[in-house]
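These notes concern the structure reproduced below.
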Amino acid sequence: MELLLSSYDWESDRETITLGDAIQRFRDVNGYVGLPIPAKPHFLKLFRKLINGSRPPEEIYLVHDASHVLTGTTFTHDEPPLVLLAGEAVEQGLYFASRGVPKSVGWTLFYGGALVECARRIASFRQVGRGIQAGLFARAYDYARRIRLTNLFQIPVQQLWSVSVAEARRRLGMPEAGVAAELYREITLPPKMAASLRQEWRGYGIER
């Protein structure tokens, strides 16, 4: 579904841009350096530990950003909020499935964290509700299990840092155009949501 894809050209140079440069591009375009918002209160630290293990924050976000680039679940913050949410929900669906975490557990951890962010006014209840309605996490989870996606928790980022994004995907057994390009073609949004999202895209000067 093209409505969920970023309008930014992430893929045309995937055969030449290195994974390291692509991660930096992802961070530059979105205006952040890959470090997390401090996890307060403490139960948010528990969420992060359950999702990412006991890795230091820098490593957590390096693997997280590499996962977005490699799976193609990229976005910018200058696009409709549902596009950003779709990138996060789909990446997390792929992530939990690739690790063998039960779908219900992964869904609860992801959307539980998202709802906490809504309560902290970091995210929108409306957008999270739209993501749940569209079944983005569940669709991504099922797709990852079907294609036996490589474990995204164990991406050897440093070993792949200097090879092209396409080559990194090949070495990891991923589609060269990214997982999202194939998955998104299978997603059909409810008509009312699709019409609303088209209107939002027009607000960014883009017809879809």
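The values are calculated or read from the model by the stated rules, or taken from the named source; none is laboratory data. Since we're looking at a predicted model, the values are computed, not measured. Backbone-built Cβ (ideal geometry, glycine too); neighbour counts: all protein chains shown.
Exactly one residue among GLU200, GLU176 is among the acidic types (Asp, Glu), at pLDDT 90 or above and either closer than 21 Å to GLU11 by Cβ or surrounded by 12 or more Cβ atoms within 10 Å (Cβ to Cβ) (or both), and that residue is GLU200.
Table: residues versus (1) more than 20 Å from LEU160 (Cα to Cα); (2) assigned to a helix (DSSP H, G or I); (3) modelled with pLDDT under 90; (4) not basic (Lys, Arg).
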position	(1), (2), (3), (4)
TYR8	yes, no, no, yes
GLU15	no, no, no, yes
PRO36	yes, no, yes, yes
THR76	yes, no, no, yes
VAL83	yes, yes, no, yes
GLN92	yes, yes, no, yes
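Only one entry of HIS64, HIS42, HIS68 meets the criterion of being surrounded by fewer than 12 Cβ atoms within 10 Å (Cβ to Cβ) and either modelled with pLDDT of 95 or more or not aromatic (Phe, Trp, Tyr) (or both), and that entry is HIS42. On the given criteria, is GLU176 touching a residue at least 60 places away in the same chain (Cβ under 8 Å) and assigned to a loop (DSSP other than H, G, I, E, B)? Against the criterion (touching a residue at least 60 places away in the same chain (Cβ under 8 Å) and assigned to a loop (DSSP other than H, G, I, E, B)), GLU176 qualifies. Looking at the stretch 104-169, the helices (runs of 4 or more DSSP H) lying wholly inside it that each contain 1 or more residues that are surrounded by 20 or more Cβ atoms within 10 Å (Cβ to Cβ) and hydroxyl-bearing (Ser, Thr, Tyr) sit at 136-147.
Checked against the criterion of being closer than 14 Å to TYR95 by Cβ, among the aromatic types (Phe, Trp, Tyr) and in contact with a helix residue (DSSP H, G or I) (Cβ under 7 Å, 6 or more places away or on another chain), the stretch 117-127 contains not a single residue that satisfies it. When TYR143 is tested against (1) under 13 Å from GLU91 (Cα atoms); (2) free of Cβ contacts under 8 Å to residues at least 40 places away in the same chain, just one condition goes unmet, and that condition is (2). The set of residues in the stretch 49-73 that are among the small types (Gly, Ala, Ser) and touching an Asp or Glu at 6+ places or on another chain (Cβ under 9 Å) comprises SER67, GLY72.
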